[in-house]
Amino acid sequence: MSKRRELEEMVQQVPEVVGRYTKLMLLVNDQVLIERTKQHEKWGEQRHSYGDWLTILGEEFGEVCEAMQRNRGWGKKTDAQDLHKELIQLAAVASAIAEQVIEERGLTS
Ligand SMILES: [Mg+2]
């Protein structure tokens with residue numbers, strides 16, 4: 001049974017207050033998967049050097065920082081402002097890198 005399936009079943013069996021954090025995990029992971037799909041539709045299969053990946057990841061990380069600064073009243077008008085969206089995008093880029101790592105290690109079937 002996949003971890004996702006296991007967590008989904010667990011949430012069904014426990015009281016709401018207990019399953020709350022698991023539900024949040026599943027929700028965020030769904031959002032990352034949706035964003036990852038969007039990135040794939042936009043850019044196709046991405047395979048880069050780790051140095052290039054770091055520039056992409058760093059750009060997304062910078063937008064997370066911008067959004068945090070905006071929320072504190074700092075930064076400038078052109079800065080990213082939706083912290084949640086930027087965190088999901090950052091996680092989706094990390095997912096894309098992890099996919100490449102799996103492939104490089106020959107772990108795909
Ligand atoms: Mg972003």
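The values are calculated or read from the model by the stated rules, or taken from the named source; none is laboratory data. Model, not experiment: these values are computed from the prediction. Counting neighbours? That spans all protein chains shown, and the Cβs are built from the backbone with ideal geometry, glycine included. Areas reflect the complete protein model, heavy atoms only, side chains present, ligands, DNA and RNA absent. Shrake-Rupley method; radii C 1.70, N 1.55, O 1.52, S 1.80 Å.
Rounded to whole numbers, the Karplus 3J(HN,Hα) couplings from phi for segment 86-91 are 5, 5, 5, 5, 4, 5 Hz, using 6.51 cos²θ - 1.76 cosθ + 1.60 with θ = phi - 60°, and x at Gly and Pro.
Taking all protein chains together and a 1.4 Å probe, the residues LEU90, LEU33 rank LEU33, LEU90 from largest to smallest accessible area.
Do any chymotrypsin sites (Phe, Trp or Tyr not before Pro) in segment 5-109 lie in a loop, going by DSSP, with at most 14 other beta-carbon atoms within 10 Å of their beta carbon, and if so which? When the chymotrypsin sites (Phe, Trp or Tyr not before Pro) of segment 5-109 are filtered for loop state and at most 14 Cβ neighbours within 10 Å, TRP74 remain.
Rounded to the nearest 10 square angstrom, GLU103 shows an accessible area of 80 square angstrom against a 1.4 Å probe. Note on GLU6 and LYS76: the model spin-label points, each 7 Å out from Cα along the C-beta direction, lie 4.8 nm apart.
Rg/Rh for segment 3-104 stands at 1.06; both radii use Cα atoms, and Rh follows the Kirkwood definition. Residues whose amide H lies under 5 Å from that of ALA80, counting only those 5 or more places away or on a different chain, are ALA67; hydrogens are built 1.01 Å from N in the peptide plane.
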